[in-house]
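Please treat every number below as a calculation from the coordinates, not as lab data. Please read these numbers as outputs of a predicted model, since none were measured by experiment. Cβ atoms come from the backbone with ideal geometry, glycine included; neighbour counts cover every protein chain shown.
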Amino acid sequence: MKNLTGCLKKILLLFSFTVFLLFSFKKYPAQAQQDFNIYTNFSHVISETTINTQAVLQIRSENTQVVSFYTASIPIKNLDVHCKIIKTGKDTNCTKYYRGSVTDILIDLQNSVVSKDSPIEVELTYSIPTNQDTNSYTIPSEVLDAKTNGVTITYPQKWGEPLWTSDPFGDLKLNGSQYSIYISNPQNADISILFGKSIIYKFSVNRVFSNQENSEPQTFELVLPPDTHKQNIIWEEISPLPNSTIIDEDGNYTFKYIVESNQTVDCKITGYINLAENNEKLNPDISLTKETGYWKITDEAEKKRLISYLLDKGLTFINDNTDPQKMTEEQRQLFYKYLYTYIIDRLNYDKDTKLGISNTPRVGANSIIKTPNKANAQDYADFYIALLRKMQIPAKMVIGYISNISGYASDGFYHYWVEYFDLNKSQWVQVDPFLEEYTGHSLFGSPLYDHITILTRGQSPLSPTITFYSQNDFVVASDTNSQIQKNFNVTSQISFDEYNIAKKYAVGYIYSSNNGNIAVTETQLNKSDIPNISKYIDPVAKNSSQILLPKQSRTIQINIPSDEIGHTDIFINLTHTNPSGITYSEQIKTTIPSTIPIPIKILGKVISITIFALVILLLYLLFNRIIVKKPWKQH
């Protein structure tokens with residue numbers, strides 16, 4: 001028993017010693033440094049090959065104390081960091097420890113004194129390589145357990161003004177041959193910055209349609225990213241071409257494939273999505289102010305709550321006027337802004353919510369106000385659209401894809417957001433209150449170059465439905481190296497059926513072939529030597545909803561009344577358009593082939609013979625009267 005007790009004492013002693021060692025070597029930054037406040041300021045210089053970073057680490061304390069060491073953790077792997085104490089201007093020893101994607105730097109502070117009025121400042125310098133063939137950069141700007149006060153980014157002047165940054169920046173400053181921007185209190189740990197005039201994404205769609213169970217042909221539909229006021233689709237490959245392609249009232253593209261019984265169609269579609277600002281002035285669609293379905297709030301108390309909120313924000317003009325048409329530009333801008341912030345303040349997302357489209361039941365605007373703390377991205381969009389429409393602002397829902405250039409997630413994700421019509425800009429503006437609240441990143445007024453539209457719902461809150469959800473079906477990625485060029489090239493010709501004056505119409509056909517890489521959504525007959533030529537487009541053969549895709553052809557039939565044809569040589573000026581504002585014009589000419597019907601030919605011959613006979617008779621009578629009668633009189 002004595003030996004057993006001694007053995008247990010030894011085991012207990014060994015266990016205690018082991019625990020002591022574990023706690024001695026394990027780092028607990030929060031516990032060891034709980035009396036300190038840590039702040040950082042980053043300065044990044046981007047070159048063709050590297051990003052050179054200078055991070056100033058500031059250690060503050062309410063109490064005066066001596067600090068020997070501090071461990072800074074930077075979420076970049078395998079960093080080679082150089083350390084310097086700013087007060088002395090001397091280098092100090094810093095030991096690097098690599099653990100996965102994080103580099104820990106143990107900084108020797110040389111028993112420096114920190115107090116409320118005298119912080120310790122350490123300069124950390126390091127470099128990371130960049131991709132030389134890109135105009136997009138993601139710049140890590142974080143020290144773990146520290147608050148980032150500001151980020152300065154310096155880059156060559158020749159790159160111009162940034163097209164987009166993941167955090168709003170202040171003024172653009174020129175220092176010699178380099179530009180600098182400053183971001184105050186960034187929301188993102190990784191700052192994304194994009195240069196150029198537009199951003200291009202490469203996308204691919206892979207879809208297999210199989211009709212193995214039906215004895216009749218079956219039609220399958222595929223919704224593809226559309227051309228919009230800020231989004232232009234450049235088609236690279238569409239294999240096979242769809243049997244028909246439709247554009248609906250909201251501008252959505254739907255490819256339709258007819259698959260015969262016991263057949264399979266393997267669709268492979270690739271292209272580019274070009275996002276850029278478009279300053280073209282548009283007209284509002286008043287029909288998109290209609291409150292319906294999920295976009296209707298019947299509780300009038302909600303409008304009163306909104307009005308009270310706006311008044312608290314200083315929008316006193318709301319007492320006399322809630323119609324944006326009657327507001328000044330400045331009033332409208334405030335009105336739009338605080339309608340947006342009202343959504344964020346009114347709703348809260350469930351903390352278990354993940355980015356992306358979920359399968360949770362859709363409740364709509366009328367119901368979400370009863371449970372505002374359980375909202376998802378679709379609820380935010382429904383509620384926002386309902387309020388915008390209640391305030392007579394045209395609005396619609398967008399279902400699309402958020403690329404990973406903003407760093408919200410390692411991969412992109414499907415998402416819901418909203419477009420409303422801004423009367424000040426005469427344009428549709430994209431807004432995303434859910435993503436702003438979820439990420440804590442200010443987005444109002446941002447061009448949202450990471451938001452890719454797949455479909456828009458304006459006329460109906462339920463249709464169309466998105467076709468693909470899996471990563472393999474729809475793949476999209478930023479392609480900053482792309483040299484793809486837009487090519488809007490359409491070739492048209494016109495021909496007529498054989499025409500004769502006995503027919504009521506001259507029937508013609510305009511054949512158009514798309515030889516470029518941009519879709520044609522409308523062809524207008526603008527000018528011709530036939531007055532009002534466009535009104536003679538055949539109403540049965542015409543299908544304004546048909547899209548003319550690259551490598552496709554289509555026919556427009558025209559029926560010109562006979563009394564409008566004064567000559568057989570005609571010309572028509574055509575204008576082909578795309579929703580992104582691109583146009584292509586051409587002129588076509590032809591001669592209308594004409595023939596004379598057989599009955600008219602026979603009648604003409606009869607008339608000709610009759611006239612000939614009458615002429616002969618008249619000549620005979622004249623001859624008989626003048627020549628024959630003269631001798632008779634003499635006799």
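What shape does the chain have by the C-alpha gyration tensor, where a ≥ b ≥ c are the square roots of the eigenvalues, rounded means a/c under 1.5, and otherwise prolate means a/b greater than b/c and oblate the rest? Here the chain falls in the prolate category.
With the highest mean first, a sort of the peptides 228-237, 74-83 on other beta-carbon atoms found within 10 angstrom per residue produces 228-237, 74-83.
Taking label positions 7 Å along the Cα-Cβ direction at both His82 and Leu241, the computed distance is 6.2 nm, reported to one decimal.
Going down the table (Lys290/Lys390; Lys158/Lys197; Lys304/Lys390; Lys147/Lys313; Lys304/Lys370), which pairs top 20 Å between alpha carbons?
Values: Lys290/Lys390 8 Å; Lys158/Lys197 13 Å; Lys304/Lys390 12 Å; Lys147/Lys313 30 Å; Lys304/Lys370 15 Å.
The answer is Lys147/Lys313.
Taking the average, over residues, of other Cβ atoms within 10 Å as the packing measure, peptides 318-326, 332-340, 177-185 rank 332-340, 177-185, 318-326 from highest down. The charge dipole of the range 349-460, taken about its Cα centre with unit charges on the Cβ of Lys, Arg, Asp and Glu (plus for the first two, minus for the last two), comes to roughly 400 debye. Electrostatic bookkeeping for Tyr294 treats Lys and Arg as +1 and Asp and Glu as -1; over the other residues with beta carbon under 11 Å from its beta carbon, the sum is 0. The loop-placed GluC sites (Glu not before Pro) in the range 487-592, going by DSSP, that have at most 13 neighbouring Cβ atoms within 10 Å of their Cβ come out as Glu498. For the pair Thr590 and Lys351, the difference between a 0.36 nm per residue extended length and the Cα-Cα distance amounts to 79.3 nm. The Rg/Rh ratio for the range 476-599, using Cα coordinates for both the radius of gyration and the Kirkwood hydrodynamic radius, is 1.09. Along the charge dipole of the chain, which of Gln218, Val476, Ser534 sits closest to the positive end, that is, farthest toward it, with unit charges on the beta carbon of Lys, Arg, Asp and Glu (+1, +1, -1, -1)? After comparing all options, I get Ser534.
So what's the net charge close to Ile128: Lys and Arg +1, Asp and Glu -1, counting the other residues with Cβ under 15 Å from its Cβ? Provide the component values of the computation, followed by the final result.
On the way: positive: Lys77, Lys96; negative: Glu48, Asp80, Glu142, Asp190.
So the environment of Ile128 carries a net charge of -2.
Protection proxy ranking for 383-389, 615-621, 103-109, using the average of other Cβ atoms within 10 Å per residue and placing the highest first: 383-389, 103-109, 615-621. Near Met397: Cβ cut-off under 13 Å, other residues only, Lys/Arg at +1 and Asp/Glu at -1. The net charge is -1. Spin-label model, Asp563 to Val475: label points 7 Å out along the Cα-to-beta-carbon direction sit 6.4 nm apart. Compared with the dominant principal axis of the Cα atoms in the chain, helix 300-312 is inclined by about 60°. Put simply, the amide H of Ser192, placed in the peptide plane, has neighbours under 5 Å in Ile139, Ser166, Asp167, leaving out anything fewer than 5 places away on its chain.
In nanometres, what is the gap between the two model label sites at Ile466 and Lys425, each 7 Å from Cα along Cα-to-Cβ? In this crude label model, Ile466 to Lys425 measures out at 2.3 nm. Report, to the nearest 10°, how far helix 329-346 tilts away from the longest principal axis of the Cα atoms in the chain, using its own Cα long axis and a range of 0 to 90°. Once rounded, the angle reads 60 degrees.
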